[in-house]
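Below is one structure; the comments refer to it alone.
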Amino acid sequence: MSKKILVIDDDDNIQKLLSQLLKSLKHEEVHCVSTGLEALDYLTDHTPDLIFLDVDMPRMDGLTLIRSLRGLANFRSTPIVMLTTEAGDDMKAKGKAAGAT
């Protein structure tokens, strides 16, 4: 079953890579945006089944975005996968505390 997926990352290469990977897995509805603010704008009219987001983005970091989304009824249970190059336990704890899946 194809899922509606949102990818939020300021790196075009990561957007392309994830989009191609997800489409190869038969997820035809993959939308990409570059910032947390663009994501919030997109999410006013769309409800994806899954969200991938980068932690380190300009204007609104991923942790702030996760907290914002978890405060909205439509996104309290939406799976959110956090992407980061920071693999330490501290970042994992911050992600979970913010509401990342």
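The values are calculated or read from the model by the stated rules, or taken from the named source; none is laboratory data. All values reported here derive from a predicted model rather than from experimental measurement. Cβ: placed from backbone, ideal geometry, glycine included. Neighbour counts: every protein chain shown. These accessible areas exclude ligands, DNA and RNA; they are computed on the full protein's heavy atoms, side chains included. Shrake-Rupley method; radii C 1.70, N 1.55, O 1.52, S 1.80 Å.
State whether the residues of region 87-101 include one that is open to solvent by less than 30 Å² (accessible area, probe 1.4 Å), in contact (Cβ under 8 Å) with a residue 12 or more places away in the chain and not aliphatic (A, V, I, L, M).
Yes, that holds for at least one residue.
With the structure loaded, tell me whether M82 is in a loop (DSSP other than H, G, I, E, B), in contact (Cβ under 8 Å) with a residue 24 or more places away in the chain and open to solvent by less than 70 Å² (accessible area, probe 1.4 Å) or whether it fails that test.
no
Give the residue that is surrounded by the most Cβ atoms within 10 Å (Cβ to Cβ), with candidates limited to residues of region 69-79 that are out of contact with any helix residue (DSSP H, G or I) (no Cβ under 7 Å at 6 or more places or on another chain) and either assigned to a helix (DSSP H, G or I) or acidic (D, E) (or both).
R70
Which residue is nearest to D10 (Cα to Cα), if the candidates are limited to region 42-74 and must be in contact with an Asp or Glu (Cβ under 9 Å, 6 or more places away or on another chain) and among the hydrophobic types (A, V, I, L, M, F, W, C)?
Result: M57.
Among the numbered conditions (1) closer than 19 Å to M91 by Cβ; (2) touching a residue at least 40 places away in the same chain (Cβ under 8 Å), tell me where S68 comes up short.
For S68, the exception is condition (2).
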